[in-house]
Every structure is written in structure tokens, then in C-alpha cells.
Amino acid sequence: MADNRSSTTVSADPGTTHGSINANIDLAVAAQTQSRKADHIRICLDDRSQCQTATTGLERYRFTHSALPDLNYSDLDLKTQFLGKPLGAPILISSMTGGTEQALEINRNLATIAQQYGLAMGVGSQRVAVENPELMGTFDVRAIAPDILLFANLGAVQLNYRYGVDECRRLVEGLQADALILHLNPLQECIQPGGDTDFRGLMDKVATLCAQLEVPVIAKEVGNGISGKMAQQLIEAGVGAIDVAGAGGTSWSMVEAERADNNLQRQLGLTFAEWGIPTADCLVQVRAVDAQIPLIASGGIRNGVDVAKAIALGADIVGLARPFLQAACQSETALQEQTELLLAELKTVMFCTDCAQPVALKQPGLLQAV
């Protein structure tokens, strides 16, 4: 989950050192961020956080059914690779949370499932762990999931707010991550009171980070989509992968509207609740400008049929957040059942389209616009 920071003013005592002032500010900001993270979990579990009229666009497509597939269902193989690392299935447990005790439990449950099934996993924004390093443990899942493809996470706009390559490197190393997600959330920052809205010059800073960081940088929206034009600029800046995170699922504008402490911010959030580029359109646009960039589809993906459609439209792996979050907040059993269902849905699509592997879903003519 992306998070935002309200401005904090701390009055210095005449006898307080500059270093301790900064430490107090960081701890105060970290406490605010922790509170937001708890709010985000609670609100994202509420159906009101979901887009009501905007859709992913995936409903506009339908697979051509194969009435006589030349396959044995038990031989279907979901294995793939992403960023050079093997996966048991083309599934990403998308970035959600961290920084609180509840988040720690959720991340551990998700990491256990990721390790068991060979899924990729991203953690929520780790800025709180820079502000208060003691909270890094709420993100750290390597001991539980030593083999998974794991993504660290920071908001791109933070590169304009005291954060640089060194901080990003610390987040990656603290998590033993394979890549860094740099999430892009201009709309959410506008809705959040006191949001960080100075986005000037960020593309150059993204390019510097990509050139200097030892692991790939993944550019990811948070639910409003990445266009083909923007993808081209990000690719030229050196990003190693793109997660389109299109519209049609959780609306962070709506989430922030629910958290708003004044009517102006709440109404602003409601106005833009359906804003964004549908996930399906993002995939088509990005693939039109670059056929090779490692591509993640997320944003309103809710089941294995959605996963299959996203792959057919050009995604290499597909990210889901809310279905995993809902299950993880229920029980370990519910989380395992959700994962088993998701994989069974994907395999059923493959079987009924005569595709022995997920990549075969990309063959021309298999997915039709309706």
C-alpha cells in the first residue's frame, strides 16, 4: 500500500541539539505513518474503497474456448521466470503493508504462502522504516521465505523529500530484496492532506537511482495506471520493469476520502474516486511501445480468469492485493484456500484454451475483444 505524510512541526527547546530535533521529527512522522498504515488496512477491506463505475477493462475480452484440448490437466505447468528468478506461478502478491504489529502478522502469513507456492511478493511502502529503523522488522520476511522473488518499496516522490540512493539501498539490503518498487501516486498525494506534491524533476532522479542501485527498479502506479507514453519515458530512464497498476480495483482516492479530516479533502477524493486508465488499456499501450520490458499487471485483478486475460494482453506476471489481504486477515487456512482457488482458476483457463503453459496464453487470436 502506498502511504502519505502530513507535514509535522516540532518546536525546538533552546537546549536541544539539532540531531535530537531531527530524531524527534522522524519518530513523530513514523508514528503518523504507522497510524495511516493501520487506517489503510481497515479501509481497504471495506467494499467502499473499490471503484464503483470504473472497471479494469478486462471484461471487454473473452477467450476462445477449446472444446477438445490436447492436454492432460495434471501435466499443466505454471512455472515461469521474472527478472531472472524462477516462480512457481506467474503471480505476485502485490505490495500492501508494513510498519505495524498487524502488518507484521499479515506479511508473515503472505510470505509463508509465497514460499510454499513459489510466488513473488512485494511489501508496502518502507518509508516508515527509514523514519524509524526499529520498524524494519515488520517488513522482514526473508527468514520465512528465503527463496521468493521479493520487492522492496518506496514512493518515487520521496526522492524529492530527503531520500536518495543511500536510503533506497538500505531498504533493499534490510529486506534482502531482489528489486525495488518505486511507486507513483500523484493523485493520492493530492487527496491526502499535507501530501507530498512536489514531483518536479523526478524522472531525472529515477534515472540516477536506476543507474546506481544494484538491483532493478520497478516503476509501479497505485491504481490509476501507467500509459504507453509514460512507460516509454520510464524505460528510457532505465527502469527494469513496469507494474501498470491500472484503474478498476481499489481506489486510493476513495481510501483517502474515507480518511479525510475535512470536507474539502473528502469531496476531492470522491470526485476522483473513478480516475485512471483501465488495467487492460495500460497493458495494451505499454506493449505497443515496448515488447520486451518485463511487465506486471495489477489493478483490480480478482481471480485466475483475470490473471489469464492480463497475461494474454502482454503481462509477464500478475499482481493481486485485496484478495490476498482479505484472506490473510481471516486465517492461514483462508489464505491457502484463496491461493489454491486462484491457481485452479488459472489452470482451468489454460486447459480450456489448450495452453500447456501460461506464456501460451499470449498466442494471437486466443483472446478476443467483445
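The values are calculated or read from the model by the stated rules, or taken from the named source; none is laboratory data. The structure presented is a predicted model; accordingly, all values stated were derived computationally and were not measured. Cβ placement follows ideal geometry from the backbone for every residue including glycine, while neighbour counts extend to all protein chains displayed.
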Self-check item: Residues of region 167-196 satisfying the condition of being of a type in the set (Gly, Ala, Ser) and buried (at least 22 other Cβ atoms within 10 Å of the Cβ)
Solution: ALA177, ALA179
Quiz prompt | Only one of GLY240, GLY246, GLY223 that is at positive phi, at pLDDT 95 or above and either of a type in the set (Lys, Arg) or crowded, with 17+ Cβ neighbours inside 10 Å (or both) | solution = GLY223
Practice problem: Look through region 164-181, keep the residues that are without any contact (Cβ under 8 Å) to a residue 40 or more places away in the chain and in contact with a helix residue (DSSP H, G or I) (Cβ under 7 Å, 6 or more places away or on another chain), and return whichever of them is nearest to VAL255 (Cα to Cα). | Solution: LEU180
Exercise. Identify all residues within region 113-140 that are at negative phi and among the small types (Gly, Ala, Ser); write none if there are none.
Key: ALA114, ALA120, GLY122, GLY124, SER125, ALA129, GLY137
Quiz prompt | Breaking point among (1) at pLDDT below 95; (2) in contact with a Lys or Arg (Cβ under 8 Å, 6 or more places away or on another chain), for LEU295 | solution = (1)
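Hey, which of the helices (runs of 4 or more DSSP H) in region 238-294, taking only ones fully inside, have at least 1 residues that are touching a residue at least 24 places away in the same chain (Cβ under 8 Å) and farther than 19 Å from ASP47 by Cβ? Walk me through how you get there before you give the answer.
Values: elements: 252-259, 263-271, 279-289.
In region 238-294, 263-271, 279-289 are the helices (runs of 4 or more DSSP H) which contain 1 or more residues that are touching a residue at least 24 places away in the same chain (Cβ under 8 Å) and farther than 19 Å from ASP47 by Cβ.
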Practice problem: Could you list, in sequence order, all residues of region 69-113 that are free of Cβ contacts under 8 Å to residues at least 24 places away in the same chain and more than 22 Å from ASN153 (Cβ to Cβ)? | Solution: ASN72, SER74
Quiz item: Here are some conditions: (1) free of Cβ contacts under 8 Å to residues at least 40 places away in the same chain; (2) in a loop (DSSP other than H, G, I, E, B); (3) surrounded by fewer than 19 Cβ atoms within 10 Å (Cβ to Cβ). PHE199 meets all but one. Which one does it not meet?
Solution: (1)
Self-check item: Criterion violated by LYS205 - all others in (1) touching a helix residue (DSSP H, G or I) at 6+ places or on another chain (Cβ under 6 Å); (2) surrounded by fewer than 23 Cβ atoms within 10 Å (Cβ to Cβ); (3) within 18 Å of LEU187 (Cβ to Cβ) satisfied
Solution: (3)
Self-check item: Residues within region 53-107 that are modelled with pLDDT of 95 or more, buried (at least 16 other Cβ atoms within 10 Å of the Cβ) and in a helix (DSSP H, G or I), tallied
Solution: 1
